[in-house]
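Step one of this worksheet: look at the structure below.
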Amino acid sequence: MFTPIKPDPALAETPPRAGFGKRIHAWMLAHLNARYERLVAERKRGLFAGLQGSVLEIGPGTGPNLVYYPAGIRWLGVEPNPFMVPYLRTAAERAGLQVDLRPGTAERLPTEDSSMDVVVSTLVLCSVSDPGSVLREIRRVLKPGGRFLFIEHVAAPPGTRLRRVQKTIRPVWTYLTDGCHPDRETGATIEQAGFGQVRYEDFRLPLGPVGTQIAGFAVK
């Protein structure tokens, strides 16, 4: 079953340029993200190995993670950008996965307390309006012992040239990429979010200002 996302009512109330930006962002992820997916494929295979039960993915975008999920899971996606949906529908069909996609934001997840075995976030916490609120919601919906799996780009180490570049380009970068912040301290934010256990590794990709990344998990 594919539950199509309905247009976000807020989109109609924003200036046309804002809607145009969301459309362009969806197109870019669908057509220009293949190199990144190749670079992180092995990490994703390892991180998502053995998934089962109820899986909630925040900001699934165009659906690049769907190919890693086993057919038996119950997948729920929460996506704020309606222009992502046609691409995600195609990805779900190619993966042979039944999906339930709902409109909304990660700050207010449309599911019950302690209802999810796993929550997945890949390149999402950089663009949410309030990372701390999102992580509280993730903890709320996870079952005790449930896992939060993540791959995120993060700020470069303090004092480095890359960190200065990230800070300098942040205003323009954020505008052009639908809210993405290249210099968020996402690892530290996850560590401080109240999970029982947090483990992740830092790694570097040849991706300019978003090349410094982390991958790991947290347990409720």
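Only the coordinates and a few stated rules stand behind these numbers; no lab work does. These numbers were taken from a predicted model, which means no experiment stands behind them. Every residue, glycine among them, receives a Cβ derived from its backbone with ideal geometry; neighbour counts consider all protein chains shown.
Order these peptides, 125-134, 205-214, by their mean beta-carbon neighbour count within 10 angstrom, highest first.
With the highest mean Cβ count within 10 Å placed first, the list reads 125-134, 205-214.
To the nearest 20 debye, what is the magnitude of the charge dipole of the chain about its Cα centre, counting +1 on the Cβ of each Lys and Arg and -1 on the Cβ of each Asp and Glu?
The calculated dipole for the chain is roughly 460 debye.
Let me know the charge dipole size of region 100-220 about its Cα centre in debye, to the nearest 20, where only the beta-carbon of Lys, Arg (+1) and Asp, Glu (-1) is charged.
Approximately 340 debye in magnitude.
Which of the aspartates and glutamates could a cross-linker span from LYS220 if the Cα-Cα distance has to be under 13 Å and same-chain partners fewer than 8 positions apart are dropped?
In chain and number order, the partners are ASP113, ASP117, GLU137, GLU191.
Charges on Cβ only, +1 for Lys and Arg, -1 for Asp and Glu, centred on the Cα centroid of the chain; of VAL85, ILE58, TYR175, which one is farthest towards the dipole's positive end?
The residue sitting farthest along the positive end of the dipole is TYR175.
Residue by residue through region 167-177, what is 3J(HN,Hα) from phi via Karplus (6.51 cos²θ - 1.76 cosθ + 1.60, θ = phi - 60°)? Round to whole Hz and write x for glycine and proline.
Going residue by residue, I get 5, 5, 8, 3, x, 5, 4, 4, 5, 7, 10 Hz, with x marking Gly and Pro.
What aspartates and glutamates sit close enough to LYS44 to cross-link, taking a C-alpha to C-alpha distance under 16 Å and skipping anything fewer than 8 places away on the same chain?
GLU57, GLU152, GLU201, ASP202
Of the listed values (i) 0.97; (ii) 1.45; (iii) 1.02, identify the label whose number matches Cα Rg over 2.2 N^0.38 Å calculated from this model.
It is the value labelled (i).
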